1. If you average the alpha carbon positions of segment 212-240 and of segment 251-279, how far apart do those two centres end up, in angstrom?
2. Rank 268, 8 by accessible area, highest first, at a 1.4 Å probe radius?
3. Over segment 1-111, calculate the relative contact order: mean separation of alpha carbon pairs under 8 Å at least 6 apart, over the residue count, as a percent.
4. Could you tell me what percent of the accessible area of the chain is made up of carbon and sulfur, with a 1.4 Å probe and every protein chain present?
5. How high is the relative contact order of segment 216-259, given as a whole-number percent (alpha carbon pairs under 8 Å, six or more residues apart)?
6. Would you mind calculating the relative contact order of the chain from Cα pairs under 8 angstrom and at least 6 residues apart, reporting the percent as a whole number?
7. Name the GluC sites (Glu not before Pro) in segment 16-106 that are in a loop by DSSP and that have at most 11 other C-beta atoms within 10 Å, would you?
8. Exactly which trypsin sites (Lys or Arg not before Pro) in segment 113-216 are in a DSSP loop and have at most 12 other Cβ atoms within 10 Å?
Amino acid sequence: MPEAVSVTVPPESDQKRADKALADALADWSRERLKGLFDEGAVQLNGVVASRRTKVSEGDVLSVLLPPIPDTTVLPMPYPLEVLYEDEDIIAIDKPSGIVTHPGAAVVPPTLCHALLHHTNGQLARAGGEERPGVVHRLDKQTTGVIVFAKNDEAYYSLVSSFSERKTKKEYWAIVSGSPALEAGSIREPIERDPHFRTRMKVREDGRPAHTDWKVVERLGVRSTLMHCRIHTGRTHQIRVHMSHLGHPLLGDSTYGYRARSGDTPITDVFLHAVSLELPHPTTGHSIRFTSRIPRAFEQMLIKLRG
């Protein structure tokens, strides 16, 4: 059965087109899929069938009938992977931008799960569910860098325990908007799902504890800054939410407040890179650290901003 979803238009979407406002709220759905729903008459604005170009106002309610979640059976699919480390228990890869970690609603394969099932001949842990083989943590679609998967159930439970007990060390590089007044800081603001946007998180008093340490690596003029972030918790979109809360959303991250200035070339990529991950090996217990080089697109943006 289709799922009925309602979205209340927030202030930042006031006077946007209905299709753009809905795309901001349903970030996991492609614009093409949402366009099809408008064309089918499956989207209403305040109870009336809406067109894609209808302008919305703050407080309006967009309602949409989402199609049933497709079969999530994950089959091996070839996809180029850069393997950083692999043994009989774990595999660490350097994730590129544009690929999702695991299958889900509105996700078009391949995902990393599909690709890794192909690479490992099916040797991924199933303890977390058949639809998410090997997954012990995630990176957003546009986030690049180090991600680790478990190849057997014993390794899965050990890695899940390491992440939940905060025995891991996760470090990122991010390009943010603006220039922070301080050189470094620590933010401990709780994070929970935004009640108006089902795919977005926000700082909320009733949220789950979240802790991010940050420091300035390089000031790129007054309009952007290269930051180093270390997260001690693993909340969804944690760095994106915390940097936005500080008033410095990630470059290109329109979901969390980035807006291009008049005359600027629009930026659609989100510049967040998981540069290193350190954790206890699930079998030996010895600390093992994986690192990733800054991707070419990230480097090119830094060069552009310096210029």
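1. Segment 212-240 and segment 251-279 have Cα centres separated by 11 Å.
2. Sorted descending by solvent-accessible area, the residues read 268, 8.
3. Working: 165 pairs, mean separation 33.2, N = 111.
Averaging sequence separation for qualifying contacts and normalising by length gives 30 percent for segment 1-111.
4. 49 percent
5. Numbers: 37 pairs, mean separation 9.4, N = 44.
Answer for segment 216-259 is 21 percent.
6. Answer for the chain is 15 percent.
7. Answer in residue order: 40, 82, 88.
8. On the way: sites: 126, 138, 141, 151, 166, 167, 169, 170, 188, 193, 198, 200, 202, 204, 215; in loops: 126, 138, 141, 151, 166, 167, 188, 198, 200, 204.
Those satisfying the criteria are 188.
The values are calculated or read from the model by the stated rules, or taken from the named source; none is laboratory data. Keep in mind the model is a prediction, meaning the values are calculated, not measured. Quick reminder, even Gly has a Cβ in these numbers, built from the backbone with ideal geometry, and neighbours come from all protein chains shown. SASA here: full protein model, heavy atoms, side chains in, ligands and nucleic acids out. Shrake-Rupley method; radii C 1.70, N 1.55, O 1.52, S 1.80 Å.
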